[in-house]
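Read through the structure below, which is laid out as structure tokens, and then see the notes.
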Amino acid sequence: MSDIDIAELARRTGVRASALRYYEEKGLIASTGRQGLKRLFDPDTVERLSLIALGRASGFSLDEIAAMLAGPAGPEIDKARLRDRADEIGRRIEALTRMREGLLHACACEAPGLMDCPKFRRIVRLAGRKAARPGRRRHDATAV
């Protein structure tokens, strides 16, 4: 299969050409040459961009992804690192599930006012404690 230009790569992957140029600058992908002013890429770059998208969706930084993709024989992905990230995502899911349950309770609560509801007050207290901890990320404040 012949190389594809940057516009075609952007069309196939949904990644803007400017992002593709940035990824190339960061060493995440490599062009094979040029056709006029347009960069050319190996068609396998589509799969590599899918790996990058998966890494980004999983919360890895571009630098972390670059390190995992830097192997001379292809991606060398650290499974322990993936397990750690999966555990972190699991904790976030649990926290978001608790938040969802709390919000649904608030919607259905029959107390005259939400602040009259002991369960809702507990949710508010827990959210405040989580948010007040030093070094906590914004998304962690949802752990109620």
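Quick note: the coordinates plus some simple rules give every number you see, no bench work behind them. Since this is a predicted model, take the numbers as computed values, not measurements. Cβ atoms come from the backbone with ideal geometry, glycine included; neighbour counts cover every protein chain shown.
Counted residue by residue at 0.36 nm each, then reduced by the alpha carbon distance between them, the extension gain from LEU37 to ALA80 reaches 11.3 nm.
Rounded to the nearest Hz, the phi-derived 3J(HN,Hα) couplings of region 40-50 under the Karplus curve 6.51 cos²θ - 1.76 cosθ + 1.60 (θ = phi - 60°) are 10, 9, 5, x, 5, 4, 4, 5, 4, 5, 5, where x marks glycine and proline. A simple rule links phi to the HN-Hα coupling: the Karplus curve 6.51 cos²θ - 1.76 cosθ + 1.60 with θ = phi - 60°, which for region 107-117 gives 5, 9, 4, 9, 5, x, x, 4, 6, 8, 8 Hz, with x for Gly and Pro. Computed over region 4-69, the Cα gyration tensor eigenvalues convert (square root of 5λ each) into semi-axes of 20, 12, 10 Å, ordered from largest to smallest. Counted over the chain with a bin width of 10 Å, the fraction of Cα pairs per bin, in whole percents, is 10, 28, 21, 17, 14, 8, 2, 0.
Here LYS26 is the anchor, and the lysines within straight C-alpha reach of less than 27 Å, apart from those fewer than 8 places off in the same chain, are LYS38, LYS79. Spin-label pair ILE89-LYS119: with each label point 7 Å from Cα along the Cα-Cβ axis, the two points sit 3.0 nm from one another. Against the longest principal axis of the chain, how steep is helix 118-132, in degrees 0 to 90 to the nearest 10, with axes from Cα atoms? Between helix and principal axis, roughly 50 degrees.
Give the relative contact order (percent, whole number) for the chain; include only Cα pairs under 8 Å separated by 6+ residues.
Once normalised by length, the contact order is 16 percent.
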